[in-house]
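Have a look at the structure below before the remarks.
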Amino acid sequence: MDIVILAVVIAVVVLVALGGLIVGSRRKKQPPPPPPAAPDITAPPAEPHVGDEAETPREEPRRTIEEVDLPDGSAPVTVEEPPVEAPEIEIPEPTAGRLVRLRARLSRSQNALGQGLLTLLSREHLDEDTWEEIEDTLLTADVGVQPTQELVERLRERVKVLGTRTPDELRTLLREELVTLVGRDMDRAVKTEPEDRKPGIVMVVGVNGTGKTTTTGKLARVLVADGQSVVLGAADTFRAAAADQLQTWGERVGAHTVRGPEAGDPASVAFDAVKEGKEMGANVVLIDTAGRLHTKTGLMDELGKVKRVVEKHAPVDEVLLVLDATTGQNGLVQARVFAEVVDITGIVLTKLDGTAKGGIVVAVQRELGVPVKLVGLGEGADDLAPFEPEAFVDALIGE
């Protein structure tokens, strides 16, 4: 009997243990939670497709194909291009008396030369030391040794004869001697109107950096202001944008510019410029040449070639040498070399305003035996003036 009870108890314990294991395993193997339900999304309104009507069509009058005027194809359809605005043509101011209007630009040269001489000559006793100071003043102003000695000698004689010297008498005396030194009888007209033909031919030459292209453009304005028609030859083919610069100057006053390829043959451009000048009936052809180092023989020889090629058309009427007035005596060395290659007929002194020394006018004329014909007195388009000895001396010594 005990054995039966023990067996029943063991069976009950086994059943309870098995039930606990089954329940535990079911808890560990619970299925994953179901995914969240997708939210309700309202679809955007459908885009209209080709042929869909945006709204209910309205009744409108319509024409049949017979009622519509169609082109017959006989006349070509032309498309109008937008008009290209021509650059506005400027009217340069008259050149007569321009140097008088620009005399204030010579203020620093005035202090260095004219006023310095007046101060020294106004001393009560003009001893040897004073005369040496007068010589130094002239040399410092780049007048040159020979012209300085001549001027001092004449001043000595006239002061001795004059005796008592009032300020007005001194000013008159100095003005007369300086005008004589500068040269009142030299022909300073730019030769642009030969009697037997047209056009007049002008070459502009000089070393690098003296302002040849700008001077050529300003000279075109001077000639246009005097009523002449001008053709520009951009024979400076070595400097980047030189032709563009010259063409801009020409467009301002209505002057035609002849140019060639960059680094092309400058003699060819010069030849074509004169040819077109003849065909157009222009009064003057201005030829801007490339800047040259006066120490480079090959470049200087090429300048001579340009002149020879141009003269196959006609003789060159003017060869203007552009000199930077601020270089002083160094400019004379350059001038001497250029004069050996081409026959210089006139000088253009640029940058004569500001720090330039007025005596360079005298020195360069003595060195080359040719006159200063034009002077540059500023950066403005109309600051190139025909040289007038009396106006120049009046600016040097002041009022």
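The values are calculated or read from the model by the stated rules, or taken from the named source; none is laboratory data. Everything quoted here is computed from the prediction, not taken from an experiment. As a convention, Cβ positions derive from the backbone with ideal geometry for all residues, glycine included, and neighbour counts pool all protein chains shown. To get the accessible areas, we keep the full protein, side chains included, count just its heavy atoms, and leave off ligands, DNA and RNA. Shrake-Rupley method; radii C 1.70, N 1.55, O 1.52, S 1.80 Å.
Taking all pairs of distinct Cα atoms, average 1/r, flip it, and tell me the Kirkwood hydrodynamic radius of region 135-250 in Å to one decimal place.
Taking the inverse mean of 1/r over all distinct Cα pairs, region 135-250 comes out at 18.4 Å.
Within region 102-218, what whole-number % of the accessible surface is contributed by carbon and sulfur, with the 1.4 Å probe and all protein chains included in the calculation?
About 46 percent, which is the carbon plus sulfur part of the accessible surface.
Using a 10 Å cut-off on Cβ atoms, rank the peptides 183-193, 278-288 from the highest mean neighbour count down.
Going from most to least packed, we get 278-288, 183-193.
Using 0.36 nm times the number of residues separating Ala240 and Lys191, minus their current alpha carbon distance, what extension gain do you get?
Residue separation times 0.36 nm, minus the Cα-Cα distance, leaves 14.6 nm.
Can you tell me the Rg and Dmax of region 237-335, counting just the alpha carbons, in angstroms?
Looking at region 237-335, its Cα Rg and Dmax stand at 14.5, 43 Å.
What does the convex hull of the Cα atoms come to per residue for region 126-183, in Å³?
Cα convex hull per residue, to the nearest whole number: 81 Å³.
If all Cα-Cα distances of region 254-399 are sorted into 10 Å bins from 0 onward, what percent lands in each bin, rounded to whole numbers?
10, 35, 34, 17, 3, 0
For region 247-382, what is the accessible area per residue in Å², given a 1.4 Å probe and the full set of protein chains?
Result: 39 Å² of accessible area for each residue.
For the full complex of protein chains and a 1.4 angstrom probe, list Thr289, Thr119 by accessible area with the highest value first.
Thr119, Thr289
Among Lys191/Lys212; Lys191/Lys275; Lys278/Lys373; Lys191/Lys312; Lys305/Lys373, which pairs are too far apart, with a Cα-Cα distance over 21 Å? Walk me through the numbers before you get to the answer.
On the way: Lys191/Lys212 18 Å; Lys191/Lys275 19 Å; Lys278/Lys373 26 Å; Lys191/Lys312 19 Å; Lys305/Lys373 25 Å.
With Cα atoms farther than 21 Å apart: Lys278/Lys373; Lys305/Lys373.
Over its Cα atoms, what ratio of radius of gyration to 2.2 N^0.38 Å does region 323-399 give?
1.07
When the accessible area of region 242-399 is split by element with a 1.4 Å probe, what percent falls to carbon and sulfur?
47
So which GluC sites (Glu not before Pro) in region 194-276 pass both tests, a DSSP loop state and at most 11 other Cβ atoms within 10 Å of the Cβ? Walk me through the numbers on the way to the answer.
Numbers: sites: Glu195, Glu251, Glu262, Glu276; in loops: Glu195, Glu262.
Here the sparse-neighbourhood loop sites are Glu195.
Please report the base-10 log of the normalised intensity I(q)/I(0) for region 177-325, using a Debye sum with one equal scatterer per alpha carbon and no solvent, at each q in 0.15, 0.17 (1/Å).
Each listed q maps to, in turn, -0.72, -0.91.
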